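Below you'll find the structure, written out as structure tokens, and then a few comments.
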Amino acid sequence: MKSFLATVLGLGSLALAAVPGFDISHYQSSVNFAAAYSSGARFVIIKATEGTTYKDPKFSSHYSGATNAGLIRGGYHFAHPGSSTGAAQANYFLANGGGWSKDGITLPGMLDLEGDCAGLSASAMVSWIKDFSDTYHSKTGRYPLLYTNPSWWSSCTGGSSAFTNTNPLVLARYSSSAGTPPGGWPYYTIWQFNDAYQYGGDSDTFNGDLTGLKKLATG
């Protein structure tokens with residue numbers, strides 16, 4: 001993972017390229033994946049689960065549509081840290097679309113961290129995230145992407161740098177520039193820069209070229 005992260009850092013710091021993508025959930029009931037691909041998008045991250053009881057009803061159809069369009073795709077899990085352990089939620093995610101395979105078109109799963117801090121202290125939140133991350137890694141050999149914004153990360157983890165060498169950062173910041181990543185990450189891997197996308201969902205960009213994106217998928 002460290003060598004992969006270093007590769008992405010090199011690509012990003014040299015500003016060689018960026019690859020468009022987007023993320024979606026059931027709120028986007030109809031997505032034109034083929035048009036998104038034609039417009040330049042090459043990846044999509046699709047909501048699969050929340051907590052240990054919720055499955056996104058559009059996940060399967062979205063996943064199939066993305067695959068048929070030729071997009072690199074992966075699932076994401078909306079965290080509920082106050083309701084059950086990180087391990088329990090990772091296992092639920094893995095059982096319901098969040099797995100990873102070395103097929104070259106599947107991104108490692110993403111853990112969506114936003115909202116309130118669920119009553120957890122910063123140290124307890126870091127432990128919860130680590131529980132999720134380590135469980136996912138033990139089952140797949142990959143660490144999940146971590147989606148967050150600077151405010152949440154500061155408030156809920158105390159600005160922890162515990163994941164900088166293992167988990168790629170998906171940075172949510174709606175601005176003309178990504179700014180300084182939180183938590184000691186020297187760069188973002190994916191930047192969600194707008195909460196709108198022409199073909200549905202939120203607008204994302206991968207920090208690197210298509211070869212780097214494929215490397216993220218293959219490990």
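Residues are listed down the side, and each one gets a yes or a no for (1) free of Cβ contacts under 8 Å to residues at least 60 places away in the same chain; (2) buried (at least 23 other Cβ atoms within 10 Å of the Cβ); (3) aromatic (Phe, Trp, Tyr):
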{"residue": "Ala122", "(1), (2), (3)": "yes, no, no"}
{"residue": "Val126", "(1), (2), (3)": "yes, no, no"}
{"residue": "Phe132", "(1), (2), (3)": "yes, yes, yes"}
{"residue": "Ser138", "(1), (2), (3)": "yes, no, no"}
{"residue": "Gly141", "(1), (2), (3)": "no, no, no"}
{"residue": "Asn149", "(1), (2), (3)": "yes, no, no"}
{"residue": "Cys156", "(1), (2), (3)": "yes, yes, no"}
{"residue": "Ser161", "(1), (2), (3)": "yes, no, no"}
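Residue count for the stretch 109-120 under the criterion of being surrounded by fewer than 23 Cβ atoms within 10 Å (Cβ to Cβ) and either assigned to a helix (DSSP H, G or I) or in contact with a helix residue (DSSP H, G or I) (Cβ under 9 Å, 6 or more places away or on another chain) (or both): the result is 6.
Could you tell me whether Ala36 is in a loop (DSSP other than H, G, I, E, B) and either among the aliphatic types (A, V, I, L, M) or crowded, with 17+ Cβ neighbours inside 10 Å (or both)?
On the way: in a loop (DSSP other than H, G, I, E, B): no; either among the aliphatic types (A, V, I, L, M) or crowded, with 17+ Cβ neighbours inside 10 Å (or both): yes.
So Ala36 fails the test.
Among the residues making up the stretch 63-79, those that are more than 21 Å from Lys215 (Cα to Cα) and under 16 Å from the mean Cα position of the chain (by Cα) are His77, Phe78, Ala79.
Counting only residues that are part of a loop (DSSP other than H, G, I, E, B) and not acidic (Asp, Glu), how many does the stretch 39-66 have?
Narrowing the stretch 39-66 to residues part of a loop (DSSP other than H, G, I, E, B): 39-42, 51-53, 56-58.
Filter once more, keeping what is not acidic (Asp, Glu): 39-42, 51-53, 57-58.
The number of residues fulfilling the criteria is 9.
State yes or no: is Phe206 modelled with pLDDT of 95 or more and touching a Leu at 6+ places or on another chain (Cβ under 6 Å)?
Values: modelled with pLDDT of 95 or more: yes; touching a Leu at 6+ places or on another chain (Cβ under 6 Å): yes.
Here the answer is yes, as Phe206 does meet what is asked.
If you go through the stretch 67-104 one residue at a time, how many are of a type in the set (Ser, Thr, Tyr), in a helix (DSSP H, G or I) and under 21 Å from Phe132 (Cα atoms)? Qualifying residue count for the region: 1.
The values are calculated or read from the model by the stated rules, or taken from the named source; none is laboratory data. These figures come from a predicted structure and were not determined experimentally. Ideal geometry is used to build each Cβ from the backbone, glycine not excepted, and the neighbour counts take in all protein chains shown.
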